[in-house]
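Read the structure below first, then the notes.
Throughout, read-outs are computed from the coordinates displayed, never taken from laboratory work. What you see is a predicted model; the values in this text were computed from it and never measured. Glycine also receives a Cβ, built like all others from the backbone with ideal geometry; neighbour counts cover every protein chain displayed.
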Amino acid sequence: MPIVVKLDDLLRARGMTLTELSERVDITLANLSILKTGKAKAIRFSTLEAICQALECQPGDLLGRGEEQTSATE
Amino acid sequence: MTHSKNDPLLLVAQGLLVLLTGLILFALVMVSMGAAAVLTVQRAEILAKVAAAGAPPGLYWTLVAALFLVVVMLGFGLRFVIELGRIVASVRTGDPFCPANADRLARMAWLTLGIQAGAWLMILPALQVQPYVDRLPIRVDLQWPPTGLVLALVLFILARVFRHGTALRTDLEGTV
């Protein structure tokens, strides 16, 4: 099952742009964009922690399995 | 990476490789011209010298084969230097861990083996010429240098290292 990054949903829910997040977590916009579009092959714990801290969420809120998301939408 | 571009070691290496390419090309042209001359205009003269030295006429063809071998070895050497130049150029651009460099290193290892084999093959004509060496305008220097084998081994291992490094880099590229 593919891992789905729900960064877009979280950003929308918090009314935050990718650029703002990039400034807060000190990760380049390019890397965040790779993560958002699901092109990332791996994520560092430090990146995960920084994003979760900035978005005030848990790692599970940010990541999910493709199948889970499909069943959740259903 | 600007650091790699201004690295004095890489600059010196590139300069030396250009010089070496020029030298090998020059040697390649000269030996090829010599071989062509031996086969055409100087043929009669060399055959006469071989006969005067009391050597069998087949020695002429031994000399031709030796010259041909030198041309092939110089060709291998030229290709080796070109491959090395490309690797140095890729280090300068800051992108050395690519599959092409692993292939280049493997090719360089095979070329080194080829040159080493050529050097050992040269012993055959040298042994044939040796009894007449004081009566012919030829100098024979018999050597069994094993350094080429060690270099080939190092290059084969480096090619493996580069392949592994390339795979690691590919993994890292998608990591955020």
Original post:
Angle between the Cα long axis of helix B:43-52 and the longest principal axis of chain B, 0 to 90 degrees, nearest 10?
Top reply: 60 degrees
Original post:
Taking each residue of A:30-39 in turn, how many C-beta atoms of other protein chains fall within 10 Å of its C-beta, and what is the average?
Top reply: 1
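For Cα pairs less than 8 Å apart in space and 6+ apart in sequence, what is the mean separation divided by the residue count of chain B, i.e. the relative contact order in percent?
Relative contact order of chain B: 27 percent.
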Subject >> Net charge dipole size for the protein assembly as shown [Lys, Arg +1 and Asp, Glu -1 on Cβ; Debye, nearest 20] >> reply: 1000 debye
**OP:** Report, ordered by chain and residue number, the aspartates and glutamates lying within cross-link reach of B:K5, taken as a straight Cα distance under 20 Å and ignoring same-chain residues fewer than 8 apart.
**Re:** B:E83, B:D95
Original post:
lysines within cross-link reach of A:K41: Cα-Cα under 29 Å, excluding same-chain residues under 8 positions apart?
Top reply: A:K6
**OP:** For B:T175, enumerate residues with amide H under 5 Å from its amide H, sequence gap 5+ or separate chain, H modeled in the peptide plane.
**Re:** A:K41, A:A42
Subject >> Highest average packing first - A:52-64, B:153-165, Cβ atoms within 10 Å >> reply: B:153-165, A:52-64
**OP:** Using θ = phi - 60° and the Karplus relation 6.51 cos²θ - 1.76 cosθ + 1.60, list the HN-Hα couplings for the range B:159-176 in order, rounded to whole Hz, with x at every Gly or Pro.
**Re:** 4, 5, 4, 5, 4, 5, x, 5, 5, 5, 5, 4, 4, 5, 4, x, 8, 10
**OP:** Give the peptides B:85-94, B:42-51 in descending order of average Cβ contacts within 10 Å, highest first.
**Re:** B:85-94, B:42-51
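When a footprinting reagent is the concern and you count Cβ atoms within 10 Å, what order do B:W120, B:W61 take, fewest first?
On the way: B:W120 15, B:W61 12.
Ascending Cβ contact count within 10 Å gives the list B:W61, B:W120.
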Subject >> Acute angle (nearest 10 degrees) that the helix B:99-121 long axis makes with the longest principal axis of chain B, alpha-carbon atoms >> reply: 20 degrees
Subject >> Percentage relative contact order, the range B:5-86, counting C-alpha pairs under 8 Å, at least six apart >> reply: 45 percent
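Calculate, for A:E49 and B:H164, the FRET efficiency according to 1/(1 + (r/R0)^6) with r their C-beta to C-beta distance and R0 25 Å; round to the nearest 0.05. Write out the running numbers ahead of the final one.
On the way: r = 30 Å, r/R0 = 1.19.
E(calc), rounded to 0.05, equals 0.25.
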**OP:** From other protein chains only, count the Cβ atoms within 10 Å of every residue's Cβ in A:43-50, then give the mean.
**Re:** 1
Original post:
Using alpha carbons only, how many degrees (0 to 90, rounded to 10) separate the axis of helix B:58-92 from the longest principal axis of chain B?
Top reply: 10 degrees
Subject >> Shielding by partners, peptide B:163-176 (average Cβ within 10 angstrom, other chains) >> reply: 3
Subject >> For B:F76, B:F26, order by how many other beta-carbon atoms lie within 10 Å, fewest first >> reply: B:F26, B:F76
